[in-house]
Amino acid sequence: MNKKIYQIADVYGMCGGVHAALKVLEKLLVSPGQGIFVFHELVHNHSVTDHFVRRGVTFAGSIDEIPDGATLVIGAHGVSPETEAALRRKAGICQDATCPLVKKLHHIAGSLTDADQLILFGKAGHPEVAGVAGYSGTKELFLISSPDEVDSLPELSHPVFISQTTVDHAEVEETLKKLKQRFANLRECSGICDASRQRQEAVLQLAEKVDCIVVIGSDHSSNAKRLREIAQRAGRAAFLIDNADDLTPEIMAFPRIGVTGGASTPQHLFDEVIALLEANGFVHG
(Lines give C-alpha, C1' and ligand atoms only; values in the text may rest on other atoms or scores of the structure.)
Protein backbone atom coordinates (compact mmCIF):
# COMPACT_ATOMS: atom_id res chain seq x y z
CA MET A 1 0.00 0.00 0.00
CA ASN A 2 1.40 3.36 -1.03
CA LYS A 3 2.12 5.80 1.77
CA LYS A 4 -0.17 8.82 1.96
CA ILE A 5 1.71 12.01 2.75
CA TYR A 6 1.03 15.67 3.34
CA GLN A 7 3.45 18.55 2.99
CA ILE A 8 3.19 22.06 4.38
CA ALA A 9 4.02 25.30 2.57
CA ASP A 10 7.14 27.03 3.87
CA VAL A 11 5.12 30.22 4.45
CA TYR A 12 1.41 30.23 5.24
CA GLY A 13 -1.26 31.72 7.47
CA MET A 14 -1.89 35.05 9.13
CA CYS A 15 0.25 38.02 8.16
CA GLY A 16 1.41 40.87 10.41
CA GLY A 17 -1.33 43.22 9.26
CA VAL A 18 -4.03 40.71 10.22
CA HIS A 19 -2.44 40.07 13.63
CA ALA A 20 -2.33 43.83 14.24
CA ALA A 21 -6.02 44.23 13.32
CA LEU A 22 -6.98 41.41 15.68
CA LYS A 23 -5.06 43.09 18.50
CA VAL A 24 -7.00 46.33 18.00
CA LEU A 25 -10.31 44.54 18.46
CA GLU A 26 -9.08 42.29 21.28
CA LYS A 27 -7.90 45.34 23.24
CA LEU A 28 -11.35 46.91 23.04
CA LEU A 29 -13.00 43.67 24.15
CA VAL A 30 -11.00 43.72 27.39
CA SER A 31 -12.94 46.77 28.59
CA PRO A 32 -16.57 46.20 29.65
CA GLY A 33 -19.26 48.51 28.38
CA GLN A 34 -21.47 48.92 25.33
CA GLY A 35 -21.22 46.59 22.38
CA ILE A 36 -18.44 46.95 19.85
CA PHE A 37 -19.10 47.37 16.13
CA VAL A 38 -16.86 46.57 13.17
CA PHE A 39 -17.53 48.19 9.80
CA HIS A 40 -17.96 45.36 7.29
CA GLU A 41 -15.37 42.73 8.32
CA LEU A 42 -12.19 42.97 10.34
CA VAL A 43 -10.50 40.49 7.98
CA HIS A 44 -11.89 38.22 5.28
CA ASN A 45 -12.28 34.99 7.21
CA HIS A 46 -15.59 33.42 8.29
CA SER A 47 -14.06 31.74 11.35
CA VAL A 48 -12.59 35.00 12.65
CA THR A 49 -15.88 36.83 12.13
CA ASP A 50 -17.90 34.06 13.82
CA HIS A 51 -15.46 34.04 16.75
CA PHE A 52 -16.04 37.72 17.46
CA VAL A 53 -19.80 37.52 16.89
CA ARG A 54 -19.95 34.89 19.66
CA ARG A 55 -18.16 37.41 21.89
CA GLY A 56 -20.74 40.10 21.24
CA VAL A 57 -19.17 42.05 18.37
CA THR A 58 -21.57 43.35 15.70
CA PHE A 59 -20.41 43.54 12.10
CA ALA A 60 -22.23 46.39 10.37
CA GLY A 61 -22.84 46.26 6.65
CA SER A 62 -23.66 49.96 6.42
CA ILE A 63 -23.13 53.18 8.37
CA ASP A 64 -26.86 53.29 9.18
CA GLU A 65 -26.51 50.08 11.22
CA ILE A 66 -24.09 51.77 13.65
CA PRO A 67 -25.71 53.52 16.65
CA ASP A 68 -24.67 57.08 17.47
CA GLY A 69 -21.77 57.11 19.93
CA ALA A 70 -20.87 53.45 19.38
CA THR A 71 -17.41 51.96 19.79
CA LEU A 72 -16.28 51.14 16.27
CA VAL A 73 -13.37 49.46 14.46
CA ILE A 74 -12.49 50.02 10.81
CA GLY A 75 -11.29 46.72 9.30
CA ALA A 76 -7.88 45.86 7.87
CA HIS A 77 -8.85 46.60 4.26
CA GLY A 78 -9.49 50.28 4.96
CA VAL A 79 -12.15 52.64 3.65
CA SER A 80 -12.33 55.83 1.60
CA PRO A 81 -11.74 59.16 3.38
CA GLU A 82 -15.41 60.08 2.94
CA THR A 83 -16.51 56.83 4.57
CA GLU A 84 -14.01 57.21 7.39
CA ALA A 85 -15.21 60.75 8.10
CA ALA A 86 -18.82 59.56 8.23
CA LEU A 87 -17.89 56.69 10.56
CA ARG A 88 -16.00 59.00 12.92
CA ARG A 89 -18.96 61.38 13.06
CA LYS A 90 -21.23 58.48 13.98
CA ALA A 91 -18.99 56.68 16.49
CA GLY A 92 -18.04 57.77 19.97
CA ILE A 93 -14.78 55.82 19.75
CA CYS A 94 -13.35 54.87 16.36
CA GLN A 95 -10.26 52.68 16.10
CA ASP A 96 -8.61 52.24 12.70
CA ALA A 97 -7.25 48.72 12.07
CA THR A 98 -6.31 49.39 8.43
CA CYS A 99 -3.21 47.48 7.35
CA PRO A 100 -0.16 49.81 7.34
CA LEU A 101 0.66 48.88 3.74
CA VAL A 102 -2.88 49.77 2.66
CA LYS A 103 -2.42 53.10 4.47
CA LYS A 104 0.73 53.62 2.41
CA LEU A 105 -1.28 53.10 -0.79
CA HIS A 106 -3.84 55.64 0.47
CA HIS A 107 -1.01 58.16 0.88
CA ILE A 108 0.39 57.48 -2.60
CA ALA A 109 -3.05 57.77 -4.22
CA GLY A 110 -3.76 60.95 -2.27
CA SER A 111 -0.51 62.54 -3.48
CA LEU A 112 -1.64 62.44 -7.12
CA THR A 113 -2.90 65.54 -8.89
CA ASP A 114 -5.24 66.25 -11.79
CA ALA A 115 -2.21 66.04 -14.09
CA ASP A 116 -1.80 62.33 -13.26
CA GLN A 117 -3.70 59.24 -14.34
CA LEU A 118 -4.06 56.38 -11.85
CA ILE A 119 -3.94 52.79 -13.11
CA LEU A 120 -5.22 50.67 -10.23
CA PHE A 121 -4.68 46.92 -10.54
CA GLY A 122 -7.17 44.99 -8.43
CA LYS A 123 -10.55 43.36 -8.16
CA ALA A 124 -13.64 45.51 -8.67
CA GLY A 125 -15.79 45.66 -5.55
CA HIS A 126 -13.00 44.73 -3.15
CA PRO A 127 -13.04 47.10 -0.14
CA GLU A 128 -9.30 47.79 -0.41
CA VAL A 129 -9.71 48.89 -4.03
CA ALA A 130 -12.65 51.13 -3.11
CA GLY A 131 -10.62 52.71 -0.32
CA VAL A 132 -7.57 53.42 -2.49
CA ALA A 133 -9.77 54.82 -5.26
CA GLY A 134 -11.47 57.07 -2.72
CA TYR A 135 -8.12 58.62 -1.76
CA SER A 136 -7.10 59.29 -5.36
CA GLY A 137 -6.09 62.89 -6.00
CA THR A 138 -6.90 62.52 -9.70
CA LYS A 139 -10.28 61.89 -11.26
CA GLU A 140 -8.67 59.94 -14.10
CA LEU A 141 -8.68 56.42 -12.67
CA PHE A 142 -8.50 53.19 -14.64
CA LEU A 143 -9.22 49.92 -12.81
CA ILE A 144 -7.77 46.83 -14.46
CA SER A 145 -7.66 43.24 -13.24
CA SER A 146 -5.47 41.43 -15.77
CA PRO A 147 -2.43 42.10 -17.98
CA ASP A 148 -4.65 41.78 -21.07
CA GLU A 149 -6.51 44.94 -20.11
CA VAL A 150 -3.39 47.07 -20.59
CA ASP A 151 -4.05 47.17 -24.33
CA SER A 152 -7.47 48.76 -23.79
CA LEU A 153 -6.07 51.74 -21.87
CA PRO A 154 -6.08 55.09 -23.69
CA GLU A 155 -2.93 57.12 -24.25
CA LEU A 156 -1.86 58.58 -20.92
CA SER A 157 0.51 61.48 -20.28
CA HIS A 158 1.40 60.89 -16.60
CA PRO A 159 0.40 57.32 -15.65
CA VAL A 160 0.88 56.04 -12.09
CA PHE A 161 0.50 52.35 -11.25
CA ILE A 162 -0.78 51.03 -7.90
CA SER A 163 -1.77 47.42 -7.19
CA GLN A 164 -4.02 45.89 -4.57
CA THR A 165 -1.93 44.22 -1.87
CA THR A 166 -3.35 40.70 -2.29
CA VAL A 167 -3.34 40.18 -6.07
CA ASP A 168 -1.20 37.68 -7.98
CA HIS A 169 2.45 38.76 -7.92
CA ALA A 170 3.16 37.19 -11.33
CA GLU A 171 0.18 39.00 -12.88
CA VAL A 172 1.40 42.30 -11.45
CA GLU A 173 4.87 41.72 -12.93
CA GLU A 174 3.39 40.86 -16.34
CA THR A 175 1.11 43.92 -16.19
CA LEU A 176 4.03 46.19 -15.31
CA LYS A 177 6.07 44.79 -18.20
CA LYS A 178 3.28 45.60 -20.66
CA LEU A 179 2.66 49.03 -19.12
CA LYS A 180 6.34 49.97 -19.38
CA GLN A 181 6.30 49.00 -23.04
CA ARG A 182 3.39 51.38 -23.61
CA PHE A 183 4.29 54.19 -21.22
CA ALA A 184 7.98 55.05 -20.89
CA ASN A 185 7.28 57.52 -18.07
CA LEU A 186 5.21 55.14 -15.93
CA ARG A 187 5.53 55.73 -12.19
CA GLU A 188 5.46 52.37 -10.46
CA CYS A 189 4.00 52.01 -6.95
CA SER A 190 3.30 48.29 -6.78
CA GLY A 191 1.37 47.58 -3.61
CA ILE A 192 1.55 43.80 -3.41
CA CYS A 193 2.79 43.01 0.06
CA ASP A 194 5.69 40.75 1.01
CA ALA A 195 3.31 38.47 2.91
CA SER A 196 1.22 37.82 -0.22
CA ARG A 197 4.29 37.39 -2.42
CA GLN A 198 5.96 34.97 -0.01
CA ARG A 199 2.84 32.81 0.29
CA GLN A 200 2.44 32.76 -3.49
CA GLU A 201 6.06 31.73 -4.02
CA ALA A 202 5.72 29.05 -1.34
CA VAL A 203 2.63 27.52 -2.96
CA LEU A 204 4.46 27.32 -6.29
CA GLN A 205 7.31 25.43 -4.63
CA LEU A 206 4.83 23.17 -2.85
CA ALA A 207 3.05 22.37 -6.12
CA GLU A 208 6.22 20.74 -7.44
CA LYS A 209 6.11 18.12 -4.66
CA VAL A 210 2.43 17.11 -4.36
CA ASP A 211 -0.60 15.97 -6.35
CA CYS A 212 -3.05 18.54 -5.00
CA ILE A 213 -3.06 21.73 -2.95
CA VAL A 214 -5.46 22.50 -0.11
CA VAL A 215 -5.76 26.21 0.64
CA ILE A 216 -7.40 26.96 3.99
CA GLY A 217 -9.26 30.25 3.77
CA SER A 218 -12.65 31.78 3.09
CA ASP A 219 -14.18 32.02 -0.36
CA HIS A 220 -14.28 35.83 -0.21
CA SER A 221 -10.60 36.17 0.74
CA SER A 222 -8.71 37.61 -2.19
CA ASN A 223 -5.31 36.36 -1.07
CA ALA A 224 -6.61 32.81 -0.40
CA LYS A 225 -8.26 32.65 -3.82
CA ARG A 226 -5.00 33.77 -5.45
CA LEU A 227 -3.19 30.83 -3.82
CA ARG A 228 -5.70 28.39 -5.28
CA GLU A 229 -5.46 29.99 -8.73
CA ILE A 230 -1.66 29.90 -8.68
CA ALA A 231 -1.67 26.20 -7.74
CA GLN A 232 -4.11 25.46 -10.55
CA ARG A 233 -1.97 27.31 -13.09
CA ALA A 234 0.96 25.20 -11.90
CA GLY A 235 -1.00 22.14 -13.05
CA ARG A 236 -2.24 20.91 -9.69
CA ALA A 237 -5.72 20.19 -8.47
CA ALA A 238 -6.45 22.87 -5.88
CA PHE A 239 -9.21 23.27 -3.30
CA LEU A 240 -10.18 26.28 -1.20
CA ILE A 241 -11.69 25.10 2.07
CA ASP A 242 -12.98 26.92 5.13
CA ASN A 243 -12.01 24.24 7.63
CA ALA A 244 -11.37 20.53 8.19
CA ASP A 245 -15.05 19.71 7.62
CA ASP A 246 -14.52 20.56 3.94
CA LEU A 247 -11.92 17.82 3.40
CA THR A 248 -13.97 15.72 0.98
CA PRO A 249 -13.36 12.11 -0.15
CA GLU A 250 -12.19 13.61 -3.48
CA ILE A 251 -9.40 15.48 -1.69
CA MET A 252 -8.51 12.56 0.54
CA ALA A 253 -8.07 10.34 -2.53
CA PHE A 254 -4.90 12.17 -3.54
CA PRO A 255 -1.78 10.37 -2.27
CA ARG A 256 0.27 13.54 -1.80
CA ILE A 257 -1.50 16.62 -0.43
CA GLY A 258 0.02 20.06 0.01
CA VAL A 259 -1.44 22.36 2.66
CA THR A 260 -1.28 26.13 2.93
CA GLY A 261 -3.38 28.91 4.44
CA GLY A 262 -4.39 32.41 3.42
CA ALA A 263 -3.09 35.51 5.17
CA SER A 264 -6.32 35.80 7.20
CA THR A 265 -6.49 32.14 8.24
CA PRO A 266 -6.17 31.36 11.97
CA GLN A 267 -3.61 28.74 13.01
CA HIS A 268 -6.22 26.55 14.73
CA LEU A 269 -7.94 25.89 11.38
CA PHE A 270 -4.63 24.76 9.93
CA ASP A 271 -3.97 22.51 12.93
CA GLU A 272 -7.42 20.91 12.62
CA VAL A 273 -6.86 20.11 8.93
CA ILE A 274 -3.50 18.49 9.71
CA ALA A 275 -5.03 16.49 12.56
CA LEU A 276 -7.78 15.14 10.29
CA LEU A 277 -5.28 14.22 7.57
CA GLU A 278 -3.21 12.32 10.12
CA ALA A 279 -6.32 10.61 11.49
CA ASN A 280 -6.92 9.34 7.95
CA GLY A 281 -3.49 7.82 7.57
CA PHE A 282 -1.50 10.72 6.12
CA VAL A 283 2.01 11.29 7.44
CA HIS A 284 4.13 14.40 7.16
CA GLY A 285 6.39 14.12 4.12
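Quick notes
- Out of Asp168, Asp151, one residue alone is among the acidic types (Asp, Glu) and either in contact with a strand residue (DSSP E or B) (Cβ under 7 Å, 6 or more places away or on another chain) or closer than 28 Å to Tyr12 by Cα (or both). It is Asp168.
- Matching residues, region 208-224, being surrounded by fewer than 23 Cβ atoms within 10 Å (Cβ to Cβ) and among the hydrophobic types (A, V, I, L, M, F, W, C): Val210, Cys212
- Filtered by the rule that a residue be open to solvent by 50 Å² or more (accessible area, probe 1.4 Å) and closer than 16 Å to Lys4 by Cβ, region 242-253 gives Thr248, Pro249, Glu250, Ala253.
- Residue in region 96-107 that is among the aliphatic types (A, V, I, L, M), closer than 21 Å to Lys27 by Cα and either touching a Cys at 6+ places or on another chain (Cβ under 9 Å) or at pLDDT 95 or above (or both) present: yes
- Sole residue being within 30 Å of Phe161 (Cα to Cα) and either open to solvent by 10 Å² or more (accessible area, probe 1.4 Å) or acidic (Asp, Glu) (or both), chosen from Gly35, Gly17, Gly92, Gly56: Gly17
- Within region 129-155, the residues that satisfy the criterion of being touching an Asp or Glu at 6+ places or on another chain (Cβ under 8 Å), under 17 Å from Ala109 (Cα atoms) and in a loop (DSSP other than H, G, I, E, B) are Gly137, Thr138, Lys139, Glu140.
- Across region 100-128, the number of residues qualifying as more than 20 Å from Pro159 (Cβ to Cβ) and either among the aromatic types (Phe, Trp, Tyr) or assigned to a helix (DSSP H, G or I) (or both) comes to 6.
The values are calculated or read from the model by the stated rules, or taken from the named source; none is laboratory data. Remember, it's a predicted structure, so these values are computed and weren't measured experimentally. FYI the Cβ positions are ideal-geometry reconstructions off the backbone, even for glycines, and counts take in every protein chain you see. Just so you know, the surface numbers come from the protein's heavy atoms only, side chains and all, with ligands and any DNA or RNA stripped out. Shrake-Rupley method; radii C 1.70, N 1.55, O 1.52, S 1.80 Å.
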